[in-house]
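No value in this document is a laboratory result; all are computed from the given coordinates. In this text, all values refer to a predicted model and were calculated from it rather than measured experimentally. Neighbour counts are summed over all protein chains in view; Cβ atoms, including those assigned to glycine, are modelled from backbone coordinates with ideal geometry.
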Amino acid sequence: MRIGIVCYPTYGGSGVVATELGKALAEKGHEVHFIAYRTPARLDTLVENVFYHEVTFADYPLFERAPYETALSSTIVDVARFAHLDLLHVHYAIPHAATAFMAQQVLKAQGLFLPYITTLHGTDITLVGRDATYASVMTFSINQSNGVTAVSQWLRQETLNNFAITRSIEVIPNFVDLRRFRKSPKEHFRRAIAPRGEKILLHTSNFRKVKRTGDVVEIFYRISKQMPARLLLVGDGPERQQAEQRCRELGISDQVVFLGKLDPVEDVLAISDLFLLPSETESFGLAALEAMACHVPVIATKVGGLPEIVLDGQTGYLCAVGDIGDMAAKALSLLGDESRLKQFRAQAAAQAERYDMHLIVPRYEAYYMTVLQQAGVSER
Ligand code: GMT
């Protein structure tokens, strides 16, 4: 199959899922064409069957903001025509579903039909999508999609509850490449971070408000008062500076390492004892899944799709949003009990296996076939 994939190239989860999916499909022999305004973070283009098409913006003094949607739709049309795409798969509804619809209409006028699938990831529905600024066009372009998927049961329900959706939504959860995430710890790295055998806590995110990075710092502060510990923070974003400032105020800067944007997150996960994800909302929590794949239990909030991934009392703990005290207490009790920690580590890894790439990617392939059949198109 020849598949076009549209995604955000940033470190956000939707871009990561789109890129990993495209790479996995290419490995299975499909021809995959990524379309984005920058090379996606995890994309390695020197791989068989993978192509990358950059959306370029022609500048003009009249534009205060370059018209991204028009440039993207035009690029989709161009790639669809010349690479003979069978299907377009867009990740994150805003504005990608609308641009896919526009491209479909342009191609239709040229006598070509390009079915498109929209994958809903989270904040496109829970935060941004609800804003009246976007809601009507977003609802329309989701309904016009030839297929719609959501990354968790919760997100599917949330979409149906909040938008006038007239078509079915297939749930296909996110996945993990276990080959990549089953790493043995680099002992010299662990010794450098925790020379006296301190416990290592980790948080990775794009440091947006929704991630509650401030809570991560407060939870760690409470833990560090009770046991020797280190906190590693991977990623960057608007809340980072505030988090760094709070570490200084609490006098814990020497126990906290801000690693910034780091792609081989598996190397950091491999030396970690516990993962913290105190988000306000999380439609899936890919970061939690990647942690569990590395045998790292997760303390998270009981929100969104997280209870579908993190099994409370087995692969970690789920607490109320903002309940820093409870999260710190649960972390302390787990880190202080070596045999329970070992059991949780094994259970976390076993749970991650249910989301193995080799189980989930075929579900996308099957869904593509269904969509093509329903659209009355035969695969090239
Ligand atoms: O909102 C984000 O944190 C980024 C966003 C993204 O870029 O797409 O992440 C969402 O999609 C991820 C991949 O499906 C999910 O794992 C995240 O849970 C989801 N984020 C939220 O719902 C907050």
Next on the checklist: Residues of the range 217-243 with backbone nitrogen within less than 15 Å of a virtual label 7 Å along the Cα-to-Cβ line of Phe189, please, listed as ranges.
Outcome noted: 232-235
Checklist entry - For the chain, what is the mean residue ellipticity at 222 nm derived from helices alone (per DSSP H run of n ≥ 4: -39500 (n - 2.57); sum divided by total residues; nearest 500 deg cm²/dmol)? => result -13500 deg cm²/dmol
Item to check | When the convex hull of its Cα atoms is projected in every direction, mean area for the chain (nm²) | outcome: 19.6
Checklist entry - For the range 1-83, treating each Cα as an identical point scatterer without solvent, what Debye log10 I(q)/I(0) comes out at q = 0.20, 0.24, 0.25 1/Å? => result -0.87, -1.14, -1.21
Checklist entry - Which helices, counted as full DSSP H runs in the chain, have an axial Cα extent of no less than 20 Å and a Kyte-Doolittle average of 0.0 or above? => result 13-27, 68-83, 93-109, 357-374
Checklist outcome for this item: Ranked by GNM mean-square fluctuation in the chain (Cα springs under 10 Å), the top entry among Leu334, Leu107, Leu46 is Leu46
Checklist entry - Once the Cβ-Cβ distance between Arg340 and Arg222 is put in as r, and R0 is 25 Å, what FRET efficiency do you end up with, to the nearest 0.05? => result 0.85
Checklist entry - When the dipole is taken about the Cα centre of the range 178-355, and only Lys, Arg (+1) and Asp, Glu (-1) are charged at their Cβ, what size is it in debye, to the nearest 20? => result 380
Next on the checklist: Charges at C-beta only: +1 for Lys and Arg, -1 for Asp and Glu. How large is the resulting dipole of the range 1-143 about its Cα centre, in Debye rounded to 20?
Outcome noted: 200
Checklist entry - Where is the GNM fluctuation largest for the chain (alpha-carbon springs, 10 angstrom cutoff): Ala132, Ala97, Ala150? => result Ala132
Next on the checklist: For a 18 Å ceiling on Cα separation, which of these pairs sit above it: Lys302/Lys330; Lys183/Lys302; Lys225/Lys261; Lys199/Lys330?
Outcome noted: Lys183/Lys302; Lys225/Lys261
Item to check | Positive dipole terminus of the chain, leading residue within Cys294, His84, Ser339 (C-beta point charges) | outcome: Ser339
Checklist entry - Relative to the Cα centre, what is the charge dipole magnitude of the chain, using +1 at the beta carbon of each Lys and Arg, -1 at the beta carbon of each Asp and Glu, and rounding to the nearest 20 debye? => result 520
Checklist outcome for this item: Ranked from fewest to most other Cβ atoms within 10 Å of their own Cβ, Lys186, Lys23 fall in the order Lys186, Lys23
Item to check | Cut-off under 5 Å, modelled amide H: who pairs with Tyr52 long-range | outcome: Phe34
Checklist entry - If you average the sequence gap of Cα pairs under 8 Å that are 6 or more apart and divide by the length of the chain, what percent do you get for the contact order? => result 14
Checklist entry - Cα centroids of the range 322-380 and the range 90-121: how far apart, whole angstrom? => result 28
Item to check | Volume per residue of the C-alpha convex hull in the range 137-236, rounded to whole Å³ | outcome: 162
Item to check | Listed residue (Ala194, Val321, Pro264) projecting farthest to the positive dipole end of the chain, Cβ model | outcome: Ala194
Checklist outcome for this item: Compactness check, the range 1-142: C-alpha Rg relative to the 2.2 N^0.38 Å globular estimate gives 1.01
Checklist entry - By how many nm would the segment from Ala135 to Glu244 lengthen if fully extended, with 0.36 nm per residue of separation less the alpha-carbon distance? => result 35.7 nm
Checklist outcome for this item: Going from the fewest other Cβ atoms within 10 Å to the most, one would list Glu158, Glu218, Glu64, Glu365 as Glu64, Glu365, Glu218, Glu158
Next on the checklist: Once each part is reduced to its C-alpha centroid, what is the distance from the range 26-56 to the range 225-299 in angstrom?
Outcome noted: 29
Next on the checklist: With a 10 Å cut-off between alpha carbons and a GNM built on the chain, which of Val217, Val361, Val257 moves the most?
Outcome noted: Val257
Item to check | 23 Å tail of the calculated P(r), the range 178-355, as % of Cα pairs | outcome: 32
